[in-house]
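The values are calculated or read from the model by the stated rules, or taken from the named source; none is laboratory data. Please read these numbers as outputs of a predicted model, since none were measured by experiment. For neighbour counting, all protein chains shown are included, and Cβ atoms are generated from backbone atoms with ideal geometry for every residue, glycine included. What goes into the accessible areas is simple: the full protein's heavy atoms, side chains included, and nothing from ligands, DNA or RNA. Shrake-Rupley method; radii C 1.70, N 1.55, O 1.52, S 1.80 Å.
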Amino acid sequence: MPARSEKHVYDAGLPSTNAPFNLCVRHGDLIFVSGLPPFDEAYSNALREAREKGLPVPPFSNPPFPEQVRLVMDNLKKLVEAAGSNMDCLLKVIVWLRDQRDAEQFDRIYRTYFSGRETLPARTRIQAGRTPLDCGLEVEAIGYVPRKRARRNAARRGPMRPGRRK
């Protein structure tokens, strides 16, 4: 019977908003990253505090769209790396845009997070009816942890067999 894989949770040091989900979950060699909105540390802290105290959610400041994209993609990269992988190992990415007219601007920034065309994951990009707190986008992903390559001389690590030269 194969060994049972356990679920591991990663937050990559990103600030918590006290939402009822984990940012990144790894099970075996698979990685699942929750939808990431462009919440910086200050906003995440304000949102967490409001939720903890039962206060209304603070309004989102809506910085320029390119800043929102970079923040989301940087956070995605941090989470994937914390789970032992890299951006080129993403298999599927789902992108929700507040406005589809931002698609080309998103794509220009998005491409820079991958090493080349052949490493781009499958992707769905849609205009959402409404994004969290009307922010510019939200991105989620599924990926894998690459297997470590075996060393070429792995067979030579053990004791020498009789009649075999070193």
Query raised in the report: Out of curiosity, is LYS148 under 14 Å from the mean Cα position of the chain (by Cα), surrounded by fewer than 17 Cβ atoms within 10 Å (Cβ to Cβ) and not in a helix (DSSP H, G or I)?
Result: no
Query - Residue within segment 74-81 that is without any contact (Cβ under 8 Å) to a residue 12 or more places away in the chain and closer than 21 Å to ALA122 by Cα present - result: yes
Report summary line: If we ask which residues in segment 132-142 are touching an Asp or Glu at 6+ places or on another chain (Cβ under 9 Å) and modelled with pLDDT of 95 or more, their number turns out to be 2
Requested in this report: Name the one entry in GLU104, GLU140 that is acidic (Asp, Glu) and farther than 22 Å from LEU47 by Cα.
Outcome: GLU104
Report summary line: Exception for ARG123 within (1) over 15 Å from GLY143 (Cα atoms); (2) open to solvent by 50 Å² or more (accessible area, probe 1.4 Å) falls at (1)
